[in-house]
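**Q** This is the structure I want to talk about, given as structure tokens.
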Amino acid sequence: MNSSQKTTVIVIVAMVIIVAALIGVSVFYSKQPGQHDVFAQCLTQKGATFYGAFWCPHCQATKALIGKSMKYVNYVECSTPDANGQTQICIDKKIETYPTWEFADGSRLTGELSLQELSDKTGCSLSGGPDTTPQNIATSSTSSASSSSAQ
């Protein structure tokens, strides 16, 4: 084997190791629980349903606020795939605004809600953490760092 072939083999082995490490890290982090798993599960147990549309920026902000824990939220997609219509379930439920939260008692709240507002409405407990208002999603890590240092 000449030096050019050795270099090629070393580069290929290094690339395989790097790819394997990246896959391992990705799998590890994807298996970590979401920050709001217990809260999101409680929302569903208490009969809360989130009606939204994939193209709705306020719905996207709400989903981002809940994060990985959205998998536990009873979410109903109201938009047709072409974004030009509404699904039959949302027509039947008379959903007119996104996002709409419907609760077990039949009441509804619309617009971007904070996790605290959802907690107050459902009785589901928040365990604390970063600021949970929609406008502070992007800065939540900053606010949690500053609140930690203030304690």
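**Q** Efficiency by 1/(1 + (r/R0)^6): what FRET value for residue 70 and residue 96, r their Cβ-Cβ distance, R0 = 25 Å, to the nearest 0.05?
**A** Numbers: r = 23 Å, r/R0 = 0.90.
So, using R0 = 25 Å, E works out to roughly 0.65.
**Q** So, with +1 on the Cβ of K and R and -1 on the Cβ of D and E, and no other charges, what is the size of the charge dipole of the range 1-122 about its Cα centre, to the nearest 20 debye? Could the numbers behind the result be given before it?
**A** Numbers: 10 positive and 10 negative charges, 107 e Å.
About 520 debye.
**Q** Using a 7 Å offset from the Cα along the Cα-to-Cβ direction at both residue 22 and residue 45, what is the distance between the two label points in nm, to one decimal?
**A** My value for the distance between the label points is 4.0 nm.
**Q** Also, I was wondering about something else. Once the piece of chain linking residue 108 and residue 7 is laid out straight, how much longer is it, given 0.36 nm per residue of separation minus the C-alpha distance between them? If you can, show how the numbers build up before the last one.
**A** Values: separation 101, 0.36 × 101 = 36.36 nm, distance 6.48 nm.
Full extension of this stretch gives 29.9 nm more.
**Q** Roughly speaking, what is the centre-to-centre gap between the range 1-18 and the range 34-76 when only Cα atoms are used, to the nearest Å?
**A** If you average the Cα positions of each part, the centres end up 47 Å apart.
Laboratory data are not the source of any read-out in this text; all were calculated from the coordinates shown. Remember, it's a predicted structure, so these values are computed and weren't measured experimentally. Note that we place each Cβ from the backbone using ideal geometry, even for glycine, and neighbour counts take in every protein chain shown.
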